[in-house]
1. Mind counting the residues in the range 120-164 that are among the charged types (D, E, K, R) and over 20 Å from Phe177 (Cβ atoms)?
2. For the range 40-64, which residues satisfy the criterion of being open to solvent by 70 Å² or more (accessible area, probe 1.4 Å) and among the aromatic types (Phe, Trp, Tyr)?
3. Among residues belonging to the range 172-214 that are among the small types (Gly, Ala, Ser) and at pLDDT below 85, point out the one that is farthest from Met153 (Cα to Cα).
4. Go through the range 115-143 and give me each residue that's over 19 Å from Ala69 (Cα atoms) and of a type outside the set (Val, Ile, Thr).
Amino acid sequence: MAALQSIRSKGPLLVIVIGLALFAFIAGDAWKVIAPHQSQTVGEVNGETLNAQDYQSMVEEFSEALKVANGSSNFTEAENNQIKDQVWTNYLNEKLIGKQAEKLGLTVTTEEVQYLLDEGTYSLLQNTPFVNATTGAFDKDMMNMFLANYTQMTANPTAYTSDMISYYQQIYTYWNFIQKNMAKSRLMEKYQYLITKSLLSNPVEAENYYNSRN
């Protein structure tokens with residue numbers, strides 16, 4: 001009875017406390033709905049942060065490119081995790097090497113990318129839909145024909161079926177992805193080549209190597 005009387009005497013206080021707790025709970029859930037990705041940061045490289053929204057866009061872009069390259073429609077959970085890891089690794093390398101390349105004055109011009117397209121032997125070009133089935137090499141004429149057809153499609157979309165429009169858009173997006181990564185890949189190659197050629201042995205190292213072999 002004493003305990004019951006004590007609870008009754010503190011009834012108004014309990015109502016206030018419970019009311020505040022319920023309000024905090026509801027408000028917290030409401031805030032999660034309103035701002036689910038507020039201030040989320042994936043990582044930081046050289047003082048530059050990568051937020052969740054930009055990272056997700058990069059993951060989606062890479063995923064779509066892989067679907068075209070591999071002829072896939074969906075990925076397993078393990079494959080999606082591998083894609084996310086690869087996107088972060090690519091971002092990390094791009095920022096780290098890009099910073100050092102900038103200090104050294106290394107760049108890749110639009111003329112260089114155009115030269116790679118004209119030459120047609122760059123490795124990334126072998127992963128495009130513009131590979132000649134007979135020669136097994138990148139065919140610039142096939143690329144130009146596709147781009148001309150894509151331009152016609154965008155100018156008069158009503159003349160094409162929805163499947164054709166989707167196909168053209170998918171290939172065009174993939175081609176832009178390849179071109180963008182050609183410049184990044186070429187810059188990394190330049191930097192790695194420069195570092196490799198700068199590694200020279202000295203007499204002490206040569207002598208130690210000779211003694212260890214004998």
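1. First, pick out the residues of the range 120-164 that are among the charged types (D, E, K, R): 139-141, 163.
Within this subset, residues satisfying the condition of being over 20 Å from Phe177 (Cβ atoms) are 141, 163.
Residues meeting the conditions: 2.
2. none
3. Residues of the range 172-214 that are among the small types (Gly, Ala, Ser), as a first pass: 183, 185, 198, 201, 206, 212.
Still in the running and at pLDDT below 85: 198, 201, 206.
Working: Ser198: 50, Ser201: 59, Ala206: 64 Å.
The qualifying residue farthest from Met153 (Cα to Cα) is Ala206.
4. Those that are over 19 Å from Ala69 (Cα atoms) and of a type outside the set (Val, Ile, Thr): Tyr115, Leu116, Asp118, Glu119, Asp141.
The values are calculated or read from the model by the stated rules, or taken from the named source; none is laboratory data. Nothing here was measured: the structure is a model prediction, and the numbers come from that model. Because the Cβ atoms are built from the backbone with ideal geometry, glycine has one as well, and the counts that use them run over all protein chains shown. Just the protein is used for accessible areas: all its heavy atoms, side chains included, with ligands, DNA and RNA removed. Shrake-Rupley method; radii C 1.70, N 1.55, O 1.52, S 1.80 Å.
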